[in-house]
Amino acid sequence: MSAPHESDVEVVAGVAARDRSSLERAFKEYGAAVKGVAWRVLRDEALAEDVVQETFVAFWEKPHGYDPERGSLRTFLTTIAHRRAVDVVRSEVARARREEQPPDPVHIDVEEEVWARDLSQTVRAALRDLSDVEREAITLAYYGGHSYVQVAERLGLPEGTVKSRIRSGMKKLSTALIGAEAG
């Protein structure tokens, strides 16, 4: 294995020190390659852009995952992107399979139905506790069945902002539902 490119080591050290300009430098140098890998797997511009964002967020959050002995920063980032893109494909395939399956009326369980209604009320209460912007984005995405791109278009916001609001809201919902389950 060849020695790591000196600028890669500098960029990683900068990101580890929380220097945003180092992350921007990595994005300028490798963003197109990362997007290219994601696009080749997904064949969808919006999903590829999501993977690019997720890749650089992952790098920002865990720059120490890069090992210069194992390859270049470009290889590290494109590997993350490829793995995330494959995960998206798997998720989309699984979702499509679930949607193709009709409900089984033979297995309707009264206890399960009561539990589902109780859970539904708990979720509604947790949704009311979210900020208006989080609730609106989550409602459009999960209850309206809209993609991140569609939610962003409807709200007139950047896709990354919508994803951040949904993630933030989902974390709050998760915390609220875990608390409700424990109580």
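The values are calculated or read from the model by the stated rules, or taken from the named source; none is laboratory data. Worth saying up front: this structure is predicted, and the values here are computed from it rather than measured. Cβ coordinates were reconstructed from backbone atoms using ideal geometry, including for glycine residues, and neighbour counts include every protein chain displayed. Calculation scope for accessible area: heavy atoms of the full protein, side chains included, ligands and nucleic acids excluded. Shrake-Rupley method; radii C 1.70, N 1.55, O 1.52, S 1.80 Å.
Just give me the residues in segment 30-73 being open to solvent by less than 60 Å² (accessible area, probe 1.4 Å), outside any helix (DSSP H, G or I), closer than 17 Å to SER7 by Cβ and not hydroxyl-bearing (Ser, Thr, Tyr), in sequence order.
Hits for segment 30-73 are PRO68, GLY71.
Restricting the search to segment 37-79, which residues are within 28 Å of ALA152 (Cβ to Cβ) and in contact (Cβ under 8 Å) with a residue 60 or more places away in the chain?
ALA46, GLU49, ASP50, GLN53
Could you list, in sequence order, the residues of segment 63-82 that are at pLDDT 95 or above and among the basic types (Lys, Arg)?
ARG74
If I filter segment 117-140 for residues that are touching a helix residue (DSSP H, G or I) at 6+ places or on another chain (Cβ under 7 Å), closer than 28 Å to ARG20 by Cβ and of a type outside the set (A, V, I, L, M), do I get at least one hit?
Yes, segment 117-140 contains at least one residue that is touching a helix residue (DSSP H, G or I) at 6+ places or on another chain (Cβ under 7 Å), closer than 28 Å to ARG20 by Cβ and of a type outside the set (A, V, I, L, M).
Scan segment 92-106 and tell me whether some residue there is open to solvent by less than 60 Å² (accessible area, probe 1.4 Å), part of a helix (DSSP H, G or I) and not charged (D, E, K, R).
Yes, there is a match, as at least one residue in segment 92-106 is open to solvent by less than 60 Å² (accessible area, probe 1.4 Å), part of a helix (DSSP H, G or I) and not charged (D, E, K, R).
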